[in-house]
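Right, one structure below, let's go through it.
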Amino acid sequence: MNATRTDRCAECGAAVPTSGDCWTRLHELLEIETRVLPSLDPEAGMRAHFFAVATYQLQHPSRLTREALDRLHASVDEMTGPAPPPIARLRRDMGRFAAGSQKVTRSAPPSDRSHIDARWPVSWSVTAQDVTERAESEYPDAVGRWAVATLADLRVAMAATSR
Ligand SMILES: [Zn+2]
């Protein structure tokens, strides 16, 4: 791929990293986690990890089946809500879902969004790029706010006139 600095990810709208593949941003986030999370209490660490992976996936739905996407959306909603469950319970639920489902992920080009609601956004108020550019000490807070901003974008988009 000949990525230039002006290339934008078809799904999240952020500038494509020098690797040419936006997916490597997720790896950047996980690298930050190896430095930041060990100093947090385990629950806060797992929560930050959940927000990073789940939010990245919400912004890149071409890689998930519709059922997995809906499930993930509901989980992030619950985790950012007034009474978030212990992360272990959420992981159990997601694990059961993944084990019982024929397909959670799909391999399709980012441009193939035929299985997704047409209103699902392709640009977001906060992206993984924004999170990776923050100071690492702010990471746990930044991923939580990224999740909340993403849900807000989705709420606005889904409230728009249906196709
Ligand atoms: Zn992207």
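Starting with the highest mean, order 32-38, 141-147, 43-49 by the number of other Cβ atoms within 10 Å, averaged over the residues of each peptide.
The most tightly packed comes first, giving 141-147, 43-49, 32-38.
Per-residue ellipticity at 222 nm for the chain, helices alone: DSSP H runs ≥ 4 residues times -39500 (n - 2.57), over residue total, nearest 500 deg cm²/dmol?
-16500 deg cm²/dmol
Within 14 Å, Cβ to Cβ, of Glu78, how many net charges do the neighbouring residues add up to if Lys/Arg are +1 and Asp/Glu are -1?
Result for the local shell: +2.
Percent relative contact order of segment 24-159, based on C-alpha pairs within less than 8 angstrom and at least six residues apart?
38 percent
What distance in nm separates the simple spin-label points at Ala108 and Arg35, each placed 7 Å from Cα in the Cβ direction?
3.6 nm
Looking only at segment 46-62, which residues have a backbone nitrogen under 20 Å from a spot 7 Å from the Cα of Asp117 in the C-beta direction?
Zone members listed by number: 54-62.
Obtain the nm distance between the two label points defined at Val53 and Ser19 by a simple spin-label model: each point lies 7 Å from its Cα along the Cα-to-C-beta direction.
Using points 7 Å along Cα→Cβ, the separation is 1.6 nm.
Quick one: Karplus J couplings for segment 14-30, per residue in order, coefficients 6.51, -1.76, 1.60, θ = phi - 60°, nearest Hz, x for Gly and Pro?
Values per residue, Gly and Pro as x: 6, 4, 5, x, 4, 5, x, 10, 4, 4, 5, 4, 4, 5, 4, 4, 5 Hz.
Add +1 for every Lys or Arg and -1 for every Asp or Glu among the other residues with Cβ under 10 Å from the Cβ of Glu11, and state the total.
Neighbour charge sum, excluding Glu11 itself: +3.
Could you check the spin-label model distance between Arg134 and Ala160? Points 7 Å from the Cα along Cα→Cβ, value in nm.
2.5 nm
What's the local net charge at Ile87, with K and R +1, D and E -1, over the other residues with C-beta under 13 Å away?
Once all neighbours under 13 Å are counted, the net charge is 0.
What residues qualify as long-range amide H neighbours of Leu64, i.e. H under 5 Å apart, gap of 5 or more or another chain, H built at 1.01 Å from N?
For Leu64, whose amide H was placed from the backbone, the distant partners under 5 Å are Arg106.
Rule-based calculations on the coordinates, nothing more; no lab input. What you are looking at is a predicted structure, and each value in this text was computed from that prediction instead of being measured. Heads up, the Cβs are rebuilt from the backbone with ideal geometry, glycines too, and the neighbour counts pull from every protein chain shown.
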